[in-house]
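Dropping a structure here in structure tokens format, bear with me for questions.
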Amino acid sequence: MDTVEGSLSLSIGFLKRLGYLSEDLKYGGIVWSRFEETIGNINFWIHRRDLYIRLIYKVTSYSTGEAKHMDYQVPFLRTWCYFGGYRYWFQCTYCQRRVGVLYINTYARCRKCSRLCYSSQKASRLERLIGADGYMWKLDEERQSMRITHYAGRPTKRYLRYLNRSEKSDRGFELMAFLL
Ligand SMILES: [Zn+2]
């Protein structure tokens, strides 16, 4: 997964590949993890017909511990593909440019706007925490790919890890690791 200065990225191509753009209204969640640790998660509603994604997450300040609930919309754009079908884009709410990837710090912005909003000092702090090689999991997908959940009557390690992440995700973003 691409990251810019340690922020969490959300790619519209990724959402499309997972089938989130196949229906007019779809709810989902994404968890970002690094090694076994959850570093962030968001939930979202995709309103395909009205061309926007509603992002819902919590941002916790590391310095003050203060939590901020985020709930806002980012518009989509749609272009017709030469080979058929549509290509979707996010529209950065700051510069209005169409982009394939949003970077989430406090708000979701395009790469350029995301960089502008963070000083290098803050960025390096973020980088240390999250790393440049963070990757994302979609819990549903992971569950579906798990053929064996129990072995000899006991849950497998992988299944336990999944349950743990799933529970954290359900608890409402307590583990959001966005540095401000
Ligand atoms: Zn922008």
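The values are calculated or read from the model by the stated rules, or taken from the named source; none is laboratory data. All figures in this text were calculated on a predicted structure; none of them were measured in a lab. Using ideal geometry, Cβ is built from the backbone for each residue, glycine included, and neighbour counts are taken over all protein chains shown.
Taking region 80-96 on its own, how many of its residues are more than 18 Å from Phe14 (Cβ to Cβ) and in contact (Cβ under 8 Å) with a residue 12 or more places away in the chain?
Number of matching residues: 3.
I've got another one for you. Report yes if Gly40 is away from the ligand (no atom under 16 Å from the Cβ) and either surrounded by fewer than 17 Cβ atoms within 10 Å (Cβ to Cβ) or farther than 30 Å from Leu160 by Cα (or both), otherwise no.
no
Right, another one. Could you check how many residues of region 51-106 are more than 22 Å from Gly29 (Cβ to Cβ), within 13 Å of the ligand (Cβ to nearest atom) and part of a loop (DSSP other than H, G, I, E, B)?
Going through region 51-106 one residue at a time, the tally reaches 5.
Could you please find all residues in region 89-106 being over 12 Å from the mean Cα position of the chain (by Cα) and aromatic (Phe, Trp, Tyr)?
Matches in region 89-106: Trp89, Phe90, Tyr94.
Conditions (1) under 16 Å from Lys16 (Cα atoms); (2) of a type outside the set (A, V, I, L, M, F, W, C); (3) surrounded by fewer than 16 Cβ atoms within 10 Å (Cβ to Cβ), marked per residue:
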position: Ser63; (1), (2), (3): no, yes, yes
position: Lys68; (1), (2), (3): no, yes, yes
position: Tyr86; (1), (2), (3): yes, yes, yes
position: Tyr94; (1), (2), (3): no, yes, yes
position: Arg97; (1), (2), (3): no, yes, yes
position: Tyr103; (1), (2), (3): no, yes, no
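Oh, and also: Right, Cys117: within 12 Å of the ligand (Cβ to nearest atom), at pLDDT 80 or above and more than 27 Å from Ser22 (Cα to Cα) or not?
no
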